[in-house]
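Values in this text are rule-based calculations from the coordinates and carry no lab data. Just so we're clear, the structure is a prediction, and the values are computed from it rather than from any experiment. Glycine also receives a Cβ, built like all others from the backbone with ideal geometry; neighbour counts cover every protein chain displayed.
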Amino acid sequence: MAILEITNLNKMFGGVQAVSDFNLSLDEGRIEAIIGPNGAGKTTIFNLITNIYKPTKGEISFRGKRITGLQPYQVAQMGIARTFQNIRLFPEFSILDNIRTACHQRANYMIFEGLFPLPRRVRQEKELEEHSMGLLDLVGLADRAQEMAKNLPYGHQRRLEIARALALEPKLLLLDEPAAGMNPDETQRLMEFISQIKQKFNLTILLIEHHMEVVMGLSDFIVVIDFGKTIARGTPEETQSNPLVIKAYLGVGEEA
Amino acid sequence: MPVYYQGIIILTCVNLISVLGLSLLTGFTGSFCFGQAGFMAIGAYVAGMMTKFWHIPLPVALLCGAVAGGLVSIPLGYPTLRLKGDYFAIATLGFAEAVRLVIENLEKITGGSRGIPSIPTYNNYPVIVVGTLVLVWLIRNYVSSRHGRNCVAIREDEIAAQAIAVNTFRYKQISFIFNGILAGLSGGLLAHYVGFIQPSMFGIPKSTELIVMVIFGGMHSVTGAVLAAIVLTSLPELLRAAAAWRLVVYGAVVVLIMVFRPEGLLGTWELSISSLRALRSQIASHFYKNERGMLRWRS
């Protein structure tokens, strides 16, 4: 069954058609990738799924429910977590707090209990901390839990951002260029990490990526877009040999 | 204790309560509020008029002043909290000026710019000090709760906060209401300490003074806000001997802090048992005992 269903999605910025008639049917448990040259509209699609932007036309449903028109936090509550192309952590927050804040499902004490150290709050806070430390352990940051997020090196910040997304306990994870700025060695470890969390948390993943070894190595299916239009879709093997894709990427001239 | 010192203590508490609200709203939630005096004016006039004209007991009047401050925040926050950074600051500034002008022009009710004289005064300072400390404790609890963390997340990155399921508007609204309540209470206390209120007490200089305290103490620390309220309220009094120069010194101290410690006096440091322990071991690491058992500075 499709966990995410996107039909005829369109987004205009003034006169620019950033996304045009985008369709996607993402089955549960799969990893699919959206690729395309810079400015093709990939991140815009993510922003439309998470409702940071409102679509000009079209519809998105998640697990059978229409999500267009909701607030971004409601979409996150329903189980869509994401990371950002230019990492968005909470810089002046400890690493532990970055995770703890995202564990919204694990604590439900009220505003009133926020003012007093009542038993339910104390108990839930303790559970939150244990759970968050478990997640930090998974990404190898447990020993630095009290450090500020801004002091982490770049690669660790990426991992922390993914861990924070996992803290939401999502069904669908949107990764926006997770391997950006990584060397081949780090990229390799990232790929293993993504496969590992997919298994462990039973995730469906939608990926934007420029590193072709990541895209080819991880995804079951690839959608290629250029200037907002879908120019190809298929398995990694089919996409690799598609002349339209090669043209979009290498910019084969008119004469060719 | 001499009445003069009692007065400084009460004024410190009055400022502190207001700064506490502002610390939550501006320091922790990241909405820069430049109209704190407007909320104080509402609290001061509501509470002051209740005790003076209707002889309502002081605690009830103070409570009503606080509630009035909180209630005003709801319709005001609804459109303004959606504004970004500077625009929100300007909107609150405009609100505070509007409140002041409304009070000035409602002469029949508020006495206009001549103000309301001989409000019953109250200076039981131990009660005020204990009450203030309780409020500090409550806000400390709040900022370290999951709700407080959501507020900080909004300050740090609003889009990321939404992406991890924080209802950003709701949390900004709650901080705004808490701030309104505290400012209203602070205004009511001020009215019943001074015994006289007039609109010019609640102008831009008052708002500025309070926001300076929050920045001075450290935007991200409740302890810093408390410390700043104490230092910056008593500093002009301590410097009274320097006559006109005291305000220059006050200004210079603020400038120096901003130049050398832009994150504020305490930054993100909070007073707690564990932070004191950490501080102690940090200081201890600078010393060592030499072979004769004498304490030496490790250079």
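Select from A:Pro243, A:Ile31, A:Pro55 the residue farthest towards the positive end of the dipole of chain A; place +1 on Cβ of Lys and Arg, -1 on Cβ of Asp and Glu, and compute about the Cα centre.
Result: A:Pro55, furthest along the dipole toward the positive end.
For peptide A:94-100, what's the mean number of Cβ atoms from other chains within 10 Å of each residue's Cβ?
Working: counts 1, 0, 0, 5, 5, 1, 2.
Partner Cβ neighbours, averaged per residue: 2.
7 Å from Cα along Cα→Cβ at both A:Lys54 and B:Val60: what's the point-to-point distance in nm?
In this crude label model, A:Lys54 to B:Val60 measures out at 4.8 nm.
In region B:3-204, how does Rg compare with the Kirkwood Rh, expressed as the Rg/Rh ratio over alpha carbon atoms? Mind dumping the intermediate values first?
Values: Rg = 17.0 Å, Rh = 17.1 Å.
Over the Cα atoms of region B:3-204, Rg/Rh equals 1.00.
Add -39500 (n - 2.57) for each DSSP H run of 4 or more in chain A, then divide by its residues: what number comes out at 222 nm, to the nearest 500 deg cm²/dmol? Could the numbers behind the result be given before it?
Details: 10 runs with 100 residues, N = 256.
Only helices count here, giving -11500 deg cm²/dmol.
Please report the Cα spread of region A:90-153 along all three principal axes, rounded to whole Å, starting with the longest.
38, 22, 17
Taking just the alpha carbons, could you work out the radius of gyration and Dmax for region B:104-250, both in angstroms?
Every Cα atom of region B:104-250 included, Rg and Dmax give 18.6, 55 Å.
So how do B:Val60, A:Val19 line up by other beta-carbon neighbours within 10 Å, fewest first? Spell out each step's value before the answer.
Details: B:Val60 12, A:Val19 28.
With the sparsest Cβ surroundings first, the list reads B:Val60, A:Val19.
At a Förster radius of 45 Å, what calculated FRET efficiency corresponds to the Cβ-Cβ distance of B:Ile74 and A:Asn10, to the nearest 0.05? Kindly include the intermediate steps, with their values, before the conclusion.
Details: r = 38 Å, r/R0 = 0.84.
The formula returns an efficiency of 0.75 here.
Can you give the Rg/Rh ratio of region B:187-299, where Rg is from the C-alpha atoms and Rh is the Kirkwood radius?
On the way: Rg = 19.5 Å, Rh = 17.1 Å.
With Rh from the inverse mean 1/r over Cα pairs, Rg/Rh is 1.14.
What net charge do the residues around B:Phe287 carry, taking every other residue with its C-beta under 15 Å from that of B:Phe287, with Lys and Arg at +1 and Asp and Glu at -1? Numbers along the way, then the final one.
Details: positive: B:Arg280, B:Lys289, B:Arg292, B:Arg296, B:Arg298; negative: B:Glu291.
Net charge around B:Phe287: +4.
Would you mind computing, in nm to one decimal, how far apart the modelled labels at A:Lys150 and A:Ser25 are, each placed 7 Å from Cα along Cα→Cβ?
Distance between label points: 4.8 nm.
Would you mind getting me the FRET efficiency between A:Gln196 and A:Gln105? Use the beta-carbon distance for r and R0 = 25 Å, nearest 0.05.
On the way: r = 22 Å, r/R0 = 0.87.
Plugging the Cβ-Cβ distance into 1/(1 + (r/R0)^6) gives 0.70.
Please state the charge dipole magnitude for chain A, taken about the Cα centre, from unit charges on C-beta atoms (+1 on K and R, -1 on D and E), reported in debye and rounded to the nearest 20. All intermediate terms of the calculation are to be shown ahead of the outcome.
Working: 28 positive and 31 negative charges, 194 e Å.
Charge dipole of chain A: 940 debye, to the nearest 20.
Translational diffusion coefficient, Stokes-Einstein: compute it for chain A using the Kirkwood radius over C-alpha pairs as Rh, at 20 °C and 1.002 mPa s, and state it as an integer in µm² s⁻¹. Don't skip to the end; give the middle numbers.
Numbers: Rh = 19.4 Å.
The calculation lands on 110 µm²/s.
When the convex hull of the C-alpha atoms of the protein assembly as shown is computed, what volume per residue in Å³ does it have?
Details: hull volume 124.6 nm³, N = 555.
Normalising the Cα hull of the protein assembly as shown by residue number yields 225 Å³.
As a footprinting exposure proxy, order A:Lys57, A:Lys229 by other Cβ within 10 Å, with the fewest listed first. It would help to have the intermediate numbers written out before the result.
Numbers: A:Lys57 13, A:Lys229 16.
Going from least to most buried by this count: A:Lys57, A:Lys229.
Would you mind checking the tilt of helix B:85-105 against the longest principal axis of the Cα atoms of chain B, expressed as 0 to 90 degrees and rounded to 10?
Helix B:85-105 and the main axis of chain B meet at about 40 degrees.
Quick check on chain B: helices-only [θ] at 222 nm, where DSSP H runs of length 4 and up contribute -39,500 (n - 2.57) each and the sum goes over total residues. Nearest 500, please. Walk me through the intermediate numbers first.
On the way: 13 runs with 209 residues, N = 299.
Taking each H run of at least 4 residues, the total per residue is -23000 deg cm²/dmol.
Exposure proxy check: B:Arg240, A:Arg63 ranked by fewest other beta carbons within 10 Å?
Values: B:Arg240 8, A:Arg63 16.
So the ranking, lowest neighbour count to highest, is B:Arg240, A:Arg63.
What angle do you read, to the nearest 10 degrees and between 0 and 90, between the alpha-carbon axis of helix B:36-54 and the longest principal axis of chain B?
Compared with the principal axis, the helix lies near 50 degrees.
Which of the residue pairs A:Lys57/A:Lys229; A:Lys126/A:Lys171; A:Lys11/A:Lys171 have a Cα-Cα distance greater than 19 Å in the structure shown?
Values: A:Lys57/A:Lys229 14 Å; A:Lys126/A:Lys171 25 Å; A:Lys11/A:Lys171 25 Å.
Flagged as over cut-off: A:Lys126/A:Lys171; A:Lys11/A:Lys171.
Please determine, in degrees from 0 to 90 and to the nearest 10, the orientation of helix B:146-156 with respect to the longest principal axis defined by the Cα atoms of chain B, where the helix direction is its Cα long axis.
The helix B:146-156 is inclined about 90 degrees to chain B.
If I histogram all Cα-Cα distances within region A:146-256 using bins 10 Å wide from 0, what percent of pairs lands in each bin?
12, 39, 31, 14, 4, 0
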